[in-house]
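See structure below.
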Amino acid sequence: MSVYGDIQTQVQQSIGNRHDSDTNTIILTSFNHVQKMLARSGDFPELEVVATPTLVSGTSDYTASTLGLERFRPPHIYRWTLLASGEYRPIERYTANAWEEKVVPMLTTSPTGKPTIFTYYAKTFSLYPTPDSAYPTRIRYKQYPAPATTNDSVIQYDDADEVLWMLTTAYTFASIEDFESSKNWFMLAKPVMQEMGLSLMDVPNFKSSTSISNNEGGPSGEWWKDPFVKESP
């Protein structure tokens, strides 16, 4: 498996072999943004997870955290299954509107039992009826990848180094408003993503708010025209 340091090295080379701490911070931030964006662009089996939370008797509302859904990516739950007394029963999912129309009117009687229905709304999972026991369950869901924090952070994607490198480079250039270079890297990444069966929005139409990467008055190629340089070398 690849680690973040592999991608960082490639991006550093792509932006002119910059290794200063400020640039490395930009690269790390860009990489973690790209990881989340990539997760939303397609289906990755390596981001499919199984959790086995136990319901609390008398409790009908849960958060992703209380259910142990690490880095849960709303609203992606494939299946929530009740496992009790040898019984394997899917808990049916209702939309928020269906819940309001069909379930809420019945809540006045405060029914309890084995949950048969759930909904997800306002970052809360609600069950009906309210569990009358500590039932074991099984949840298959999608998660966001773990954010990189060090060069040794393992990348969860099995085979996406190329597109991670290209998109991180694009976002790194965009962060310092070198939008022409950023667009070029997005264009390089787009066919690679298409080949992987991933969706990518059109290349962003960046608009510069400053001229940070196009300072006038200095000779071409001098250090003060480089947007990554913070001070005189």
> Tilt of helix 179-195 relative to the longest C-alpha principal axis of the chain, in degrees (0 to 90, nearest 10)?
Replying inline: 50
> What net charge is computed for the residues neighbouring Gln10, neighbours being all others with C-beta under 10 Å from the C-beta of Gln10, Lys and Arg scored +1, Asp and Glu -1?
Replying inline: -3
>> At 1.4 Å probe size, with the rest of the protein present, what percent of the exposed accessible area of the chain is carbon and sulfur atoms?
In response: 49
> FRET efficiency for Ser199 and Thr108, Cβ-Cβ distance as r, R0 = 45 Å, nearest 0.05?
Replying inline: 0.55
>> Along the Cα→Cβ direction, 7 angstrom out, place labels at Leu188 and Arg140. What is the inter-label distance in nm?
In response: 3.8
> Between exposed trypsin sites (Lys or Arg not before Pro) in the chain, where DSSP calls loop and at most 12 other Cβ atoms lie within 10 Å, what's the longest gap?
Replying inline: 1-122
> When only DSSP loop residues count, what GluC sites (Glu not before Pro) in region 1-88 have their Cβ near at most 13 other Cβ atoms within 10 Å?
Replying inline: Glu70
>> Please compute the per residue accessible area over the chain with all protein chains in place, 1.4 Å probe, rounded to a whole number of Å².
In response: 54
> Mind checking the angle between helix 4-14 and the chain's longest principal axis? C-alpha axes, 0 to 90 degrees, to the nearest 10.
Replying inline: 30
>> Ignoring everything except DSSP H segments at least 4 long, calculate the 222 nm mean residue ellipticity for the chain; use -39,500 (n - 2.57) per segment, divide by total residues, nearest 500.
In response: -9000 deg cm²/dmol
> Applying 1/(1 + (r/R0)^6) with R0 = 41 Å to the Cβ-Cβ distance of His33 and Asp61, what FRET efficiency is obtained, to the nearest 0.05?
Replying inline: 0.85
> What's the Cα-based Rg to Rh of region 1-157, Rh via Kirkwood?
Replying inline: 1.14
> Just for the Cα atoms in region 106-200, what are the lengths along the principal axes, largest first, rounded to whole Å?
Replying inline: 62, 28, 27
>> Run the numbers for Asp152 and Glu180: contour at 0.36 nm per residue of separation, minus the present Cα-Cα distance, in nm.
In response: 6.9 nm
> Roughly what would the spin-label model give for Glu100 and Val50, points 7 Å off Cα along C-beta, in nm?
Replying inline: 3.6
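The values are calculated or read from the model by the stated rules, or taken from the named source; none is laboratory data. Everything quoted here is computed from the prediction, not taken from an experiment. Methodologically, a virtual Cβ is constructed for each residue, glycine included, from the backbone with ideal geometry; neighbour enumeration extends over all protein chains shown. What goes into the accessible areas is simple: the full protein's heavy atoms, side chains included, and nothing from ligands, DNA or RNA. Shrake-Rupley method; radii C 1.70, N 1.55, O 1.52, S 1.80 Å.
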